[in-house]
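Note sheet for the following structure.
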């Protein structure tokens, strides 16, 4: 039996009559506009109350209406992808400055869809999208509910509500570790340092990509990076391989030694570590079996156009041009001075970064689709330029920069002062066992001048040779730039230091010290600044701060220059040279010599992948030249499709190249 | 007298939520009755298949409006079972705080809701004002008053904000000090007692027949059949609490149990605040960015004790980025559908609303 | 409960000793799943009910169109030996029909009705199972089947808002977004092996 | 000399005056229909009870459509509810107003691709004010109500007239989504 209570038990509630009411006053509920209405209608009594009226300030975490800082936003569109209600649409705004690592688009939010989950905030790659503490908005017109968030909400500065924290972050900011050979072991051999991703790790790394495509714009060949990363994630190697070959005929090489501007632009890199785009590309190439290559191989080239193109130089630019011309259906002959094709890939980069097997895989593919390589043939010596002009419908020059630049300092012409491009081919020849260890003259202690990738290549190759020869290494590297401004990639700096290279950054060489006709060291002055106010190269030194570093050899890796000897004088007269490069239009076509195209270092530079891009553009230029000149007619529909498809993927210039 | 058909709802002041009870009456005795659900049907189970694991956290709380946290918890538990995730220790305790605050909020709301079928609106005013305080605490913790989207697979979305313990403690103290007042106002009030004593009793054998769980069952079978005790999840095995039971389940006993659970929940929250360790609050489901999270294959059923009984998620994953199938076991499914059909006939018309209120029939979770 | 044997072991032994179980999975110490043949479901449920699993927690179906099968799931619970048991069986998708378990668990009535509504599985023995419950005047295939596309249905029947706001630049510049999208779409076709 | 020239008002002017007077009373005693169509209704109890106390605005819940001035469509509308909502709306006495709560009434919200939920409420019945949020907080709801009052004052809340004028259009939309607007409850029994 339940206890019987008196009917008066509940009367004690009357005590609340004398308490302060819990009811929230109007001034803490209504906006000024509505308070004004209430005031005019005598519901809210005092005019003073209108002024101080504003809705309760939301909690610090409140998921209110969005704000987006356009300066910080990179337009990656990840918010659009994650939105569970499709409320976010990226809208193109061409009035935003076009720059690297950003897209000219910004999100709009449909508050007829938004569910205020803040997933967009938690996944924002740049942390620009936030939620404010504003939560009051009503309107009679439904069109007023699509809003483009800016730093201000409805023109008012508002307080930040929900923001991303470490716990709520939905991005994976840490790169999957790539296994490297141990520094102590690797420095005494030329085996490849980076081991490559396993399938599981590659899939995990690929899962970090948000498919924004910001990277594509910064890639000189504009590879479909998000597409092939997605292919890896979905374990579709074949699809990924096809997608890669659409824009890059040298993926095996690029997967190892590309300058990876894409990783600099990567939207994940804004807050964390960029996706290892380069290693992922390498993963596809390494894991694609030969028969898959052959399957793809049999597809592209079925018909041939009756036109011949000569490509001079089998480097990245030349091979790029040759591949795309072949894919369009042209007959292509590549002339190469050296006994092996590949140019700088074959002779300039040491094999611990780029083993021959990787180059062979790429070049074999190009050869197999029918590009003819004519090796050991130097234009101007074995075959004349005039003959090329006569025999071919167009000529592409991609001869690159192979002549070492010299140092104009006292002692700079000593025989133990060696250019990088003299030394590195020797190293490669040693790796191929063409040269023996005794044939290469590496001293017990060497000094390398230069701060680029080539300088590190020289220094690290020298380390290896010293280890093999003497069992210990002593390599010093000096550069004008300070350590944090070195033009080389970070990997080189870290790995080089691991291998025991001593860095003397921020110093300019003044004199090669010679005693008894032997190099004993290098005198350095502290470098104060490299460029003068006009922005041209004019280093300034602090003479007080002098040091001498010892070394028996000096390697110079301060850049290379072109060698135009193979071009006959009559032709050279018609060319224009700008700082050693040949002036040409975007497609590499030389003015007044419409049959002549150039690309690579002698047109634009500065790296391997830009050379491939030049080659691709030149292929389009050549194709258009031959057709606009009415030299050729469409042979068939399939041929036309092939040409159009290859041209559709032609990359534009990147921000850096502009 | 001729049999007459009446609709209780969907638009009816005594009806909780958008559902309709079709009642055939003779006089005021119910002859036949059905629940007509589906007015809140949104196709959740289909929707969940179409959203990725991470996007689903914005969908899940909307299954049950008044108590979103049990949904989030059951969903998170199911995903964690599939992915074999170890949730950080602190997240367990935060989850318990959230779940118990939600239990407080819904018990207050249901207690206030008792005001409408019994005609004592004062109760409603008190309860909803206190509930408003809980909602504001939720806003501080989770960012939204009602749809928290806070308990996610792998932990909770954010750590507790600084100083929230003070807010929670002051609210709990206040509620505890007025607990007796609440009782006096409602179930100690002889008028209310006269209305709810011996109204729509629920015998134990009917409980098993219907499959009713939660307070409806515990007040009938007199055993502490509470999932928090029987198969403890989170860290309920490390806190001390009692499960209120009753030997005879009438409307009074059920409301009484609810009120006693309020005291227990207050105790649990206090223990959680005291025992909660420092540390991380979330681990990701798998490596990669959220849209590419995947969960291994499997079939699991995860359930939690909601204010109305066993709330479960049956989940199938095919190893992809979306759940393959999610089935929701709404806690009030048995009492809402079969209970009304089988058990209301024979009672009086005006008791139908009391059944809906005291058994906690929640239409959104029936319709989904 | 015997001390030497955990609840899940008890259940596994109990079921496996009497039935041919296609697969058993102990998910954790509170849950076991059995996959059995369609014919065994009723006797298995009866056995479990007499052994203390008196509560039917859930009943639903999963659609596996690639196998051309439906999977029925029964989940029962024992409050004294806290173990949820999943019992799953497969039905042919074309002629999906399963005798009702109404005599064993009367609580299944509405679950079965819902399974019929959302999957189209017939439950002979359940008198009302073919009546509509949640949906009203439904005019398409049962919506929880995998081949039903709610997006297409929604697009067909319910118009969506087309906002009149125009945030895009009107300078008539060539859209880079479109070019990007097109390029991406083109390349996506290569994934299926299509080529020039 | 005072000229007391009496200029008789036209019938329209008289009607207009009466409407203005009527609007004054109406907007200061907006009675809302207690029909929780969707989840946003959960923010109404705080608004109705002591915390936000909307009776200060002259608003209160009403049990039947015939007594109510405002219909609150609190969130998403499944087809099944829409049928009953149209019944309810048509039962309400004029002038009548509709407030649409939350994202779902504007463009479908989170249920935009659901097979059971309509997307744009104002295609089926005329809506006077939309309140943004999912769900809108109580303050937003209260501000929405005052917006509605302001609209009534400025004679902009004319949805119910529009429903008369463009009834064919509304009906066509209703039929496109529902097939038949009539409620057949006997199906389910």
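The values are calculated or read from the model by the stated rules, or taken from the named source; none is laboratory data. Being a predicted model, the structure only gives us computed values, none of them experimental. A quick note on method: Cβ atoms are made from the backbone with ideal geometry, for glycine too, and the neighbour counts reach across all protein chains shown.
Summary table below
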item: Search result, residues across region B:85-116 that are away from every other protein chain (no Cβ under 12 Å), within 20 Å of the chain's Cα centre (by Cα) and over 26 Å from residue B:170 (Cβ atoms); result: B:114
item: So residue A:91, is it within 11 Å of another protein chain (Cβ to nearest Cβ), out of contact with any helix residue (DSSP H, G or I) (no Cβ under 6 Å at 6 or more places or on another chain) and part of a strand (DSSP E or B); result: yes
item: Residue list for region C:10-53, restricted to those being within 12 Å of chain B (Cβ to nearest Cβ), touching a strand residue (DSSP E or B) at 6+ places or on another chain (Cβ under 7 Å) and in a loop (DSSP other than H, G, I, E, B); result: C:30, C:52, C:53
item: Flag for residue A:396 being surrounded by 21 or more Cβ atoms within 10 Å (Cβ to Cβ), part of a strand (DSSP E or B) and touching a helix residue (DSSP H, G or I) at 6+ places or on another chain (Cβ under 7 Å); result: yes
item: Yes/no for residue B:119 being at positive phi and within 14 Å of chain A (Cβ to nearest Cβ); result: yes
item: Residue within region B:276-297 that is within 26 Å of the chain's Cα centre (by Cα), closer than 22 Å to residue B:243 by Cβ and surrounded by 22 or more Cβ atoms within 10 Å (Cβ to Cβ) present; result: no
item: Options B:156, B:65; residue that is within 13 Å of chain D (Cβ to nearest Cβ), touching a helix residue (DSSP H, G or I) at 6+ places or on another chain (Cβ under 7 Å), over 30 Å from residue A:14 (Cα atoms) and buried (at least 23 other Cβ atoms within 10 Å of the Cβ); result: B:65
item: Selection from region C:83-100 of residues that are in contact (Cβ under 8 Å) with a residue 40 or more places away in the chain and more than 18 Å from residue B:329 (Cα to Cα); result: C:89, C:90, C:91, C:98, C:99
item: Helices (runs of 4 or more DSSP H) completely within region A:141-228 that count 3 or more residues being away from every other protein chain (no Cβ under 12 Å) and closer than 30 Å to residue A:278 by Cβ; result: A:183-186
item: Some residue of region B:29-38 being farther than 26 Å from residue D:35 by Cβ and either more than 8 Å from every other protein chain (Cβ to nearest Cβ) or surrounded by 24 or more Cβ atoms within 10 Å (Cβ to Cβ) (or both); result: yes
item: Residue A:100 being more than 8 Å from every other protein chain (Cβ to nearest Cβ), surrounded by fewer than 24 Cβ atoms within 10 Å (Cβ to Cβ) and in a loop (DSSP other than H, G, I, E, B); result: yes
item: Residue within region B:48-60 that is at pLDDT below 90 and more than 14 Å from chain A (Cβ to nearest Cβ) present; result: no
item: Residue in region B:343-358 that is in contact with a strand residue (DSSP E or B) (Cβ under 8 Å, 6 or more places away or on another chain), in a strand (DSSP E or B) and surrounded by fewer than 19 Cβ atoms within 10 Å (Cβ to Cβ) present; result: yes
item: Filter pass, residue A:23 being outside any helix (DSSP H, G or I), on the phi < 0 side of the Ramachandran plot and more than 14 Å from chain D (Cβ to nearest Cβ); result: no
item: Which listed residue is touching a residue at least 24 places away in the same chain (Cβ under 8 Å), within 43 Å of the chain's Cα centre (by Cα) and within 12 Å of chain D (Cβ to nearest Cβ), from A:63, A:56, A:106; result: A:63
item: Test: residue in region C:19-35 that is loosely packed, with under 13 Cβ neighbours inside 10 Å and modelled with pLDDT under 85; result: yes
item: Unmet requirement for residue D:72, which otherwise passes all of (1) within 12 Å of chain B (Cβ to nearest Cβ); (2) in a helix (DSSP H, G or I); result: (2)
item: Test for residue A:79: is it buried (at least 22 other Cβ atoms within 10 Å of the Cβ), outside any helix (DSSP H, G or I), touching a residue at least 24 places away in the same chain (Cβ under 8 Å) and more than 7 Å from every other protein chain (Cβ to nearest Cβ); result: no
item: Single residue of region D:27-46 satisfying the filter (more than 9 Å from chain B (Cβ to nearest Cβ) and closer than 21 Å to residue B:119 by Cβ) that is nearest to the chain's Cα centre (by Cα); result: D:32
item: Residue list for region D:30-60, filter: surrounded by fewer than 21 Cβ atoms within 10 Å (Cβ to Cβ), farther than 27 Å from residue D:77 by Cα and in contact (Cβ under 8 Å) with a residue 12 or more places away in the chain; result: D:58
item: Within region A:590-600, tally of residues that are surrounded by 21 or more Cβ atoms within 10 Å (Cβ to Cβ) and in contact with a helix residue (DSSP H, G or I) (Cβ under 7 Å, 6 or more places away or on another chain); result: 3
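Conditions (1) out of contact with any strand residue (DSSP E or B) (no Cβ under 8 Å at 6 or more places or on another chain); (2) within 27 Å of residue A:25 (Cβ to Cβ); (3) modelled with pLDDT under 90, marked per residue:
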position	(1), (2), (3)
D:110	yes, no, yes
D:113	yes, no, yes
D:116	no, no, yes
D:136	no, yes, yes
